[in-house]
Amino acid sequence: MVVDVFVERCESYQKEVVDKAVDTILSRIKLKLRAKPKILLKPNLLLPTSPKRAVTTHPAVVASVCKHLRKRFPDAKIFLGESSGCGGLPHTKLALEVCGINKAIKQHNITILPFESQPLVRVDISNGVVWKHLMLPKIVVEADLIVNLPKLKTHSLTMFTGAVKNLYGCLPGGAKAKGHLKAVNTRMFGELLIDIYSAIKPGLNLMDGVWGMEGQGPVTGPPKRTGYLLASTDAVALDAVALKLIGIKEPHVPTQVSAKRRGLYPKYRVIGNYTVVKYKQPSMLKLRLLNIMPQAIADRITKFVSPLPVNYPHIIPALCKKCYTCVRVCPVNAIHLKGNTLTIDYKKCINCLCCSENCMYNAIKLKQGWVFRGINSFKRLLRWFR
Ligand code: SF4
Ligand code: SF4
């Protein structure tokens, strides 16, 4: 079967512009649902932060999707669920407010369900590589249709975060940090994300690529004007087209590699035109090196070799508000108060970047280690000689 991936121009987050683009793109996708279906929307609300930073799915896109689904399925019970970062229920509630979602969907009769408030249901994953079963929020398991609403961004750990990666937010709170412990290197983390994808499989995916994020995403990179919405019934196919749109090669993205290997990569065709908008890529030397090594060696390197030579999280004391979120979310307890300043123990750090992804104050930046600095100096030297 060939899957369609639709691409639609959407120049801005102005309400009328987004409504029109969302209606156009979604009305092309056939959806068969039972009477009175349960529909679950899953945006990306990684961090309680302003939509202007392009970290989260824009509220205008979420509102337009709600409006479209209400018109199309008037008898549906529509829910919006999310677990923001690793910070638990208060973090998710704050994200729903600060990211503008509560206000945007108020008039559409949507029930908001932070995943941390849901009972958990066991789901077996027969083809699981890292996880053979998952504990998922009840609504994720019960929904007749999951509408996945990812944000188009680069990612310093997985190169890219799109439709497949957005499903990681279905794991409530600290379960996400535990996932990093279970899959310490990026290749295994890609397998883990595909395990989750196998268990959830959203029926509809719509990506907010109006403004994306390039460089050191998914939190600290700069916003990038891109101007597209993408939609498909298949998350892997949608990610494949999104990667082409921003000029990133699929072999560099662990979820795409794993999906191909496990027979979850469909044939697809693109409906609609787009012009490539080249994104600056995060520094991924470590990922590339680990990808060509045997798994056991890659695991040991990630666990026992400090991230300092490549890239590593660094706390900027002047920006730190001492909220201690990073301390709580670090899966290996690598962040401690030393005197009056928070510091990272790089002997323990597994470079999962949970701390930087969960810092609301942008106080944890990624620094380039000596290997990267050396490579960059070498490149500059080559350019100078030419
Ligand atoms: S670095 Fe960020 S998350 Fe950690 S304590 Fe400071 S402000 Fe909070
Ligand atoms: S200090 Fe290291 S291990 Fe801890 S959350 Fe940050 S990146 Fe992950």
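Bear in mind that the values in this text are calculations on the coordinates, not laboratory data. Source: prediction; values computed, not measured. Cβ sites come from the backbone with ideal geometry, for glycine too, and all protein chains shown count toward neighbours.
Figures for the structure shown
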| quantity | calculated |
| --- | --- |
| Kirkwood Rh in Å, taken over the stretch 306-385 so that all alpha-carbon pairs contribute | 13.6 |
| The chain: DSSP helices with Cα axial extent of at least 15 Å and average Kyte-Doolittle hydropathy no lower than 0.5 | 186-200, 235-246 |
| Sparsely packed trypsin sites (Lys or Arg not before Pro) within the stretch 85-115, loop by DSSP, other Cβ within 10 Å at most 12 | none |
| Peptides 23-34, 145-156 ordered by average Cβ neighbours within 10 Å, highest first | 145-156, 23-34 |
| Cα-only Debye scattering, the chain: base-10 log of I(q)/I(0) at q = 0.06, 0.10, 0.11, 0.13 Å⁻¹ | -0.21, -0.61, -0.74, -1.05 |
| 5 Å binning of all Cα-Cα separations within the stretch 1-110, expressed as whole percents from 0 upward | 2, 11, 20, 22, 19, 15, 8, 2, 0 |
| Taking Phe115, Phe6 and counting other C-beta atoms within 10 Å, the order from fewest to most | Phe6, Phe115 |
| Between the stretch 116-156 and the stretch 35-111, the Cα center-to-center distance that results, in Å | 16 |
| DSSP-defined beta bridges in the stretch 2-271 - what % are antiparallel, rounded to 5 | 50 |
| The stretch 112-234: C-alpha pair distances exceeding 24 Å, % | 29 |
| When the convex hull of its Cα atoms is projected in every direction, mean area for the stretch 126-177 (nm²) | 4.7 |
| Flagged links, alpha-carbon separation over 19 Å, of Lys42/Lys201; Lys165/Lys348; Lys71/Lys153; Lys38/Lys153; Lys20/Lys153; Lys153/Lys321 | Lys165/Lys348; Lys71/Lys153; Lys38/Lys153; Lys20/Lys153; Lys153/Lys321 |
| Per-residue [θ]222 nm for the chain (sum of -39500 (n - 2.57) over DSSP H runs n ≥ 4, rounded to 500) | -10000 deg cm²/dmol |
| Taking N as its residue count, the alpha carbon Rg of the stretch 187-262 over 2.2 N^0.38 Å | 1.13 |
